Amino acid sequence: MARARAGGRSGIGRCCPATMIVCVPQCLFCGIAAGDIPATKVADGERTLAFRDISPQAPVHVLVIPRDHYPNVAALVAAGDAGKGLLDELIAVAHKVAAAEGIEGSGYRVVFNTGPNAGQSVEHVHAHVLGGRPMTWPPG
Ligand code: 5GP
Ligand code: ZN
């Protein structure tokens, strides 16, 4: 079966190899991953992308996403081995971003909002990397 994958970063027809979920045209973060929607990138990898949040909630607020479309972290886990590898990579990139932003020592938070009660507003899985100020717990 031919995959609807264009290759490269055009975004048209790109799909997740594990789930065969085709890039969702109306998905904001698929648009950013494809380069169709501008974002301030801080790390640009083969399978992942990190860019600054448009509405930062801390001096450092970066989002780390897979280039392939998974609606949330639950879908990524449900994708099996491929998803787990990608989850590892998202965390590794989050850590690298924190180090590059100079907040490794002061501390930072990595958050995957998942579902309505967590306040997930963009249904393309993403890790928030937040730091540069003291943060309270529990979160609001
Ligand atoms: P969520 O609420 O789903 O956990 O996080 C989505 C995040 O995406 C929010 O922090 C929001 O500020 C950010 N966001 C929404 N639209 C855009 C955009 O067009 N560009 C960027 N860089 N971030 C966005
Ligand atoms: Zn998407």
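Every number here is computed from the coordinates shown, using simple stated rules; none is lab data. Note that the structure is a prediction, hence the values are computed from the model and not measured. Positions of Cβ are generated from backbone atoms using ideal geometry, with glycine treated the same way; all protein chains shown enter the neighbour counts.
Within segment 84-123, name every residue whose backbone N is under 15 Å away from a label modeled 7 Å from Cα of residue 47 along the Cβ vector. The answer is 84-94.
Only Lys, Arg, Asp and Glu carry charge here, each on its Cβ (+1 for the first two, -1 for the last two); on that basis segment 39-131 has a dipole of about 140 debye about its Cα centre.
Among the GluC sites (Glu not before Pro) in segment 35-115, those located in a DSSP loop and surrounded by at most 11 other Cβ atoms within 10 Å of their own Cβ are 46.
Full extension of the chain between residue 77 and residue 91 yields a length gain of 3.7 nm, computed as 0.36 nm times the residue separation minus the alpha carbon distance.
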